[in-house]
Every structure is written in structure tokens, then in C-alpha cells.
Amino acid sequence: MTQALTRAELQAASDRLQEVVNRRDPIAIARCYTPDGVIESPMFATLRGRKAIEEAQRAFFTSFPDVATTVNTTLVDPPHIAVFITMHATHVNEFFGLPGTGRHIEVRMARLLRMDGDLVAHEARIYDFTGLLVQVGVLRAKPAKP
């Protein structure tokens, strides 16, 4: 078991992860996770291990090469971190069978992290995946009647 980190150390680890996400660097992102780290995500189901994490990130960055995320709030309660972000991107390349549309998306997301030292052991991503699919045009939705 790794020694518990302080709030400041965990915040620094979260900031490092955010920095490599903003660089769109799948290899560096994967290295922010333990070798057997897990991500649970509506988009990618359950990813296990650095290789799967790297491949999923690479696929996402291929579909949305200009993705940018803004951290709205970070809460640290050792060994957990909750990061609330807003993501903006343009659908440029194939995504779930749909060729690039040039459509812009905005997704609000919560990333719930359980840390093992300064590495992510487990992440649960919470966001409206159906809404994302509607934004890029994979799904169609009728507006609700008043």
C-alpha cells in the first residue's frame, strides 16, 4: 500500500493529469494511472490497464483533435479527487461509425478519482453520453413539448 498523500500533493497529481489531457498526450495520460488502473466511462465502458487507457485516449483525440477542457471545480478528500470539467471539441473524424461532421460539442463531466499515491487507481467518468451522441448527430432527439 502506498503512503497517503496530502491534499496539496493530490491536487498536484490532479493538475498533472489535467495538463497532459490538455496537451492531448495519450502516452503521458496513461502514465498518470497505476499499471492496472481502471477507467469506467459511458463512452469506452471499462478500460483496464495503461495500454487500454492510452488507446482509448488516442481514439478520442483522433475523433476530436481540438478537444479542450476547463476545470470548474476540484474537490480533494484523500485518497479521492472529484474533478468537474467542461469539455469543448469539434467532431472532425469518425466517431461511433459517423464520419466527421464539423459539429461542435460541449459536455459537462465529473471525473471521480481514487488515488494510489500520485497515480489514479480507479476513475469513474460521469456525463451525458446520449447528449454527446445527439450533439454529433449519431442520434436524433425531438425537443420536449411544453
How big is the range 7-136 on each of its three principal axes, counting only the C-alpha atoms and giving the largest first in Å?
41, 29, 23
Of 109-120, 13-24, ordering from highest average Cβ density within 10 Å down gives 109-120, 13-24
Exposure proxy ranking, count of Cβ atoms within 10 Å, fewest first, for THR74, THR86
THR86, THR74
Whole-Hz Karplus ³J(HN,Hα) for the range 7-12, in order, using 6.51 cos²θ - 1.76 cosθ + 1.60 and θ = phi - 60°, x for Gly and Pro?
4, 5, 5, 5, 4, 5
Can you order the peptides 43-49, 33-39 by their average number of other Cβ atoms within 10 Å per residue, highest first?
33-39, 43-49
Based on Cβ point charges of +1 for Lys and Arg and -1 for Asp and Glu, what charge dipole magnitude is obtained for the chain about its Cα centre, in debye rounded to the nearest 20?
480 debye
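Only the coordinates and a few stated rules stand behind these numbers; no lab work does. For clarity, every value in this text was computed on a predicted model and none was experimentally measured. A quick note on method: Cβ atoms are made from the backbone with ideal geometry, for glycine too, and the neighbour counts reach across all protein chains shown.
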